[in-house]
Structures are given as structure tokens and as C-alpha cells.
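Working notes, structure below.
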Amino acid sequence: PSGYYAPTAQVDACLECSAGDHTSVASKATTCASCNGGTYSEGLAVNCSVCDAGKSSSTRASACTDCDAGKSSDARAASCMTCAGGTFSTAGSRNCSACGGGTYSNTGSASCIACDSGTYSEAESSACTKCDGGTWSGTIAT
């Protein structure tokens with residue numbers, strides 16, 4: 001049956017492939033193999049399932065895990081990538097979003113931070129810039 005294997009001819013029952021493993025064939029399997037990073041199985045699997053974007057898994061995983069806030073991933077990711085400065089993400093995100101003008105973020109941020117009065121930033125900035133002499137900024141970003 002699917003998800004079972006027999007390393008040698010068995011008189012009794014075949015053995016189950018555990019969570020994180022798969023047989024690669026629907027019948028007459030002789031071994032189980034580990035699922036690669038970015039894939040998983042819940043057990044008794046012929047093939048491993050692919051992790052969705054915003055999730056990742058290590059080798060031999062029984063499930064995919066949401067990316068932490070400040071990270072993102074494409075589908076089939078073995079690990080999540082840290083958002084660059086000037087961008088942010090919430091947990092389980094498939095991509096990082098740009099901070100708007102008047103805000104900034106550091107690498108791996110879950111949100112953007114408003115620039116202080118007297119400073120400004122363009123969209124997707126990792127820092128605020130002090131206003132030049134004779135100019136000012138008293139508006140807080142929205």
C-alpha cells in the first residue's frame with residue numbers, strides 16, 4: 001500500500017514511512033527517503049508536499065512553518081530570507097513590503113518607524129535624513 005515499504009520480502013506486514021519521509025513509488029517500495037528542505041510529509045506519503053510561499057521547512061519535516069515577522073519566502077523554501085532595510089513583513093509573508101516616504105526600517109523589521117520631526121525619508125529607506133539648514137519637517141508620516 002502507499003506510504004509503506006518492505007526492505008526485504010516480508011511474510012507479515014510492511015513498515016510505515018514516518019512523517020518527514022516518502023517512498024517515491026505507490027507500490028513495491030523498498031525504502032523510505034527523507035523529504036528535502038522546502039517540502040514535508042505527514043507520514044505514509046508517496047511524495048513530499050511543497051511548502052507554500054511565506055513558509056519553510058528543513059530536511060525531513062512533518063510540516064512547514066510560517067516565516068517570522070521581518071522575513072519572507074517563495075514556495076519550496078528551506079529557509080526564510082530576512083527583509084532588507086527599508087522594507088518589512090508580518091509573519092507568514094511571501095514578500096517584504098516597502099516602507100513609505102517619511103518612514104524607515106532596519107534589516108529584518110516587522111514594521112516601519114516614522115521619522116522624527118526635523119528629519120525625512122524617501123520610500124524604502126533604512127534611515128531618516130536630517131533636514132537641510134533653512135528647511136524643516138514637522139509632519140509625521142502616515
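Mind checking which of CYS128, CYS51, CYS67 has the largest fluctuation in a GNM of the chain, springs on alpha carbons under 10 Å?
Top of the fluctuation ranking is CYS128.
Over the alpha-carbon set of the chain, work out the extent along each principal axis and list the three values in angstrom, largest first.
The Cα atoms of the chain stretch 90, 17, 14 Å along the principal axes, largest first.
Taking the simple approach of a point 7 Å from Cα along Cα-to-Cβ for both THR107 and LEU15, what is their distance in nm?
Modelled inter-label distance: 4.4 nm.
Mind telling me which of ASP52, ASP116, ASP66 comes out most flexible in a GNM of the chain, alpha-carbon contacts under 10 Å?
Maximum fluctuation in the GNM of the chain, among the listed residues, is at ASP116.
Using a probe of 1.4 angstrom, how much of the accessible area of segment 15-125 is carbon and sulfur, in percent? Show your work: numbers first, answer last.
Working: 2600 of 5790 Å².
The value for segment 15-125 is 45 percent carbon and sulfur by accessible area.
Please state the charge dipole magnitude for the chain, taken about the Cα centre, from unit charges on C-beta atoms (+1 on K and R, -1 on D and E), reported in debye and rounded to the nearest 20.
My answer is approximately 180 debye.
Using a 1.4 Å probe, what is the accessible area per residue for the chain, in Å²?
59 Å²
Say we join alpha carbon atoms closer than 10 Å with springs in a Gaussian network model of the chain; which of THR31, THR90, THR39 then has the biggest fluctuation?
THR31
Between SER2 and THR135, what is the label-point separation in nm under the 7 Å Cα-to-beta-carbon projection?
So the two model labels end up 6.4 nm from each other.
Mind checking which lysines have their Cα closer than 20 Å to the Cα of LYS71? Skip sequence neighbours fewer than 8 apart in that chain.
By straight Cα distance, LYS71 reaches LYS55.
Quick check on packing: order 72-85, 15-28 by the mean number of other C-beta atoms within 10 Å, highest mean leading.
On the way: 72-85: 18.6, 15-28: 16.7.
Ranking the peptides 72-85, 15-28 by packing returns 72-85, 15-28.
For a label point 7 Å from the Cα of ALA33 along Cα→C-beta, name the residues of segment 65-82 whose backbone N is under 17 Å from it.
In segment 65-82, the label zone of ALA33 (backbone N under 17 Å from the point 7 Å along Cα→Cβ) covers no residue.
Using the Cα centre of segment 66-138 as the reference point, and only Cβ charges (+1 on K/R, -1 on D/E), how large is the resulting charge dipole? Debye, rounded to the nearest 20. If you can, show how the numbers build up before the last one.
Values: 4 positive and 7 negative charges, 32 e Å.
Value, rounded to 20: 160 debye.
The values are calculated or read from the model by the stated rules, or taken from the named source; none is laboratory data. Small disclaimer: the values here were computed from a predicted structure and weren't measured. Neighbour counts run over all protein chains shown; Cβ positions are idealised from the backbone, glycine included. Keep in mind that these areas ignore ligands, DNA and RNA; they rest on the heavy atoms of the full protein, side chains included. Shrake-Rupley method; radii C 1.70, N 1.55, O 1.52, S 1.80 Å.
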